[in-house]
């Protein structure tokens, strides 16, 4: 059992996204280690100290006014700067008072634009899983006019990784960098890393029993779950459906976002209203029912850093149609997904149409792919397996640190 310092700017098991991911790390690591969690208490939310047991929680109130622009706050995290300073000061004071930590770990934020306050403290530490920073394929740039202005600020991430000394020190001094997919290693290629491992940023707590969908009658039920922004690929699905008028289908769209109006326009223009339903945001339990009712999960996001929604779909034994890029490409295999290349919207729509036609015509292939998806997510993505692997990484770092200290004392 290690004395583990866990750093996460948000931690809330009743929320979604990174707050939920940090909560999972804290929840699963607490029984295995002596954990101290440093986090913010988001205003209006139940504190992490009331949700978690078996660990020490140090939390500060999130600065006021940040919650008024939720998506902007989620994207740019303006409260991270004061959080960084508070954590640095707390660590400094804790060390002065005689506290010792064997290892530190900062699992969030996932985006690679935030320096870690653990860097330079003398505590061996792990950063990640981190990811993001995928560029839009050139053929899709003209198609992103509905993106909020602040999302375009991500374009400076690469410049900062090349020139921001705090950010570069985070990765060069980390004892292990966890990347959510292989592309992260390429993005950090100009920074000398001590160790790099691929690990998904999240995953299911558990998966339902395998679901078999033999002999279903009627139209092929397609499902899309995700935020309705251009990069998630819903427009490309809708354009694909216009290319296969002879294939009977129903498409359920679960999610909300700024691209909905553009997608509704495509539906109206091509007369798809009887086949496509926009359900808006739904609770976790409601989304689970959509997964159970579906035949195929279609998620052609061309700039998706991670693979959370893909893991969810695989847990419900669904065959998938994804873009072979970023998180979904890394999280799946050819046995459970039709993985498409991406060049232009026209080519992607044609490829999605071909994939849907192929799966509609072959129920046996759908069943085989669904079974393979369930087996794959069970073997690779469950939180228990992830945390066990994390324990091995901690142990290896601590062993290497001990060897280094012995070596230094021998020289002295």
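Every number here is computed from the coordinates shown, using simple stated rules; none is lab data. What you see is a predicted model; the values in this text were computed from it and never measured. Methodologically, a virtual Cβ is constructed for each residue, glycine included, from the backbone with ideal geometry; neighbour enumeration extends over all protein chains shown.
Computed from the C-beta positions of residue 135 and residue 261, the FRET efficiency with R₀ = 22 Å rounds to 0.30. Neighbour counts of C-beta atoms inside 10 Å place 285, 301 in the sequence 285, 301, starting with the fewest. Ordering 108-116, 362-370 by mean Cβ neighbour count within 10 Å, with the highest value first, yields 108-116, 362-370. When the chain is treated as a GNM with alpha-carbon contacts under 10 Å, the residue of 351, 295, 164 showing the greatest mean-square fluctuation is 164.
The GNM of the chain, with springs linking C-alpha atoms under 10 angstrom apart, assigns the highest mean-square fluctuation among 349, 293, 181 to 293. Spacing of the modelled spin labels on residue 206 and residue 88, each 7 Å from Cα toward Cβ, amounts to 4.4 nm. Helices in the chain, meaning DSSP H runs of at least 4 residues, each add -39500 (n - 2.57). Divided by all residues, the mean residue ellipticity at 222 nm is -12500 deg cm²/dmol. Summary value for the range 220-379: 26 percent relative contact order, contacts being C-alpha pairs under 8 angstrom separated by 6+ residues.
Ranking of 40, 291 by neighbouring Cβ atoms within 10 Å, starting from the fewest: 291, 40. Multiplying the residue separation of residue 156 and residue 28 by 0.36 nm and subtracting their alpha-carbon distance yields 42.6 nm. Stretching the chain fully between residue 169 and residue 375 yields a gain of 70.3 nm (0.36 nm per residue, less the alpha carbon separation). When each of the peptides 311-318, 165-172 is scored by how many other beta carbons lie within 10 Å of its residues on average, the order from highest to lowest is 311-318, 165-172. Among 54-61, 2-9, 90-97, the peptide with the highest mean count of other Cβ atoms within 10 Å heads the list, and the full ranking is 2-9, 54-61, 90-97. Here, the range 220-379 has an Rg and a Dmax of 14.1, 44 Å when only alpha carbons are counted.
Dividing the convex hull volume of the alpha carbon atoms of the range 261-300 by its residue count gives 99 Å³ per residue. With each label modelled as a point 7 angstrom along the Cα→C-beta vector, the residue 53-residue 16 pair spans 2.9 nm. Length available on full extension from residue 244 to residue 60: 0.36 nm per residue minus the Cα-Cα distance, which gives 60.8 nm.
The calculated P(r) of the chain, using every Cα pair and 20 Å bins from 0, goes 26, 55, 18, 1 in percent. Arranged from fewest to most other beta-carbon atoms within 10 Å of their beta carbon, 11, 275 become 275, 11. Across the chain, the relative contact order, built from alpha-carbon pairs under 8 Å that are at least six residues apart, equals 14 percent.
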